[in-house]
Amino acid sequence: MLFLVISDPRPEPPSDVVTSRQQYWDWIAPLRASGEVRLVYAKVGRGAVVLFDVPSNEALHHRLNEWQDMVPAHFEVYPLIDPAAAQHFLRTGGTETV
């Protein structure tokens, strides 16, 4: 399941959260290597945009809780459909699932 997650961290002075931000990058590196995170970008100013590929809502919930433990933030979560699945849906008129 694909989810685009956009974080908006609490407004703390950047110098107060340097260690937490470094922990975040250490935490996300193996998720990128495994494919559970397809992409990650830092937002200009603060925050991040991450594309998760996880097996369930519960798996995403677990990852977001881990993330919150390092960098408290508000998350916008967008469930996504793979482009091939979206095109299949259009071709079949929405009557078949992939």
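All of the numbers you see were taken from the coordinates with simple rules; none came from a lab. No experiment lies behind these values; they were computed from the predicted model shown. Cβ atoms come from the backbone with ideal geometry, glycine included; neighbour counts cover every protein chain shown.
Numbers at a glance
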item	result
Candidates PRO83, PRO72, PRO79, PRO30, filtered to the one that is surrounded by fewer than 12 Cβ atoms within 10 Å (Cβ to Cβ) and in contact (Cβ under 8 Å) with a residue 12 or more places away in the chain	PRO79
Qualifying residue in the range 8-16 (condition: in contact with a His (Cβ under 7 Å, 6 or more places away or on another chain) and surrounded by 11 or more Cβ atoms within 10 Å (Cβ to Cβ))	yes
Restricting the range 39-51 to residues that are part of a strand (DSSP E or B) and free of Cβ contacts under 8 Å to residues at least 24 places away in the same chain, the residue that is nearest to GLU66 (Cα to Cα)	VAL40
Residue check for LEU4: in contact with a Leu (Cβ under 8 Å, 6 or more places away or on another chain), of a type outside the set (Val, Ile, Thr) and exposed (fewer than 12 other Cβ atoms within 10 Å of the Cβ)	no
Tabulated pairs, the range 5-19, first of a type in the set (Lys, Arg), second not in a helix (DSSP H, G or I), C-beta under 8 angstrom, 6+ apart or interchain	ARG10/PRO72; ARG10/ALA73
Some residue of the range 19-26 being exposed (fewer than 11 other Cβ atoms within 10 Å of the Cβ) and of a type in the set (Ser, Thr, Tyr)	yes
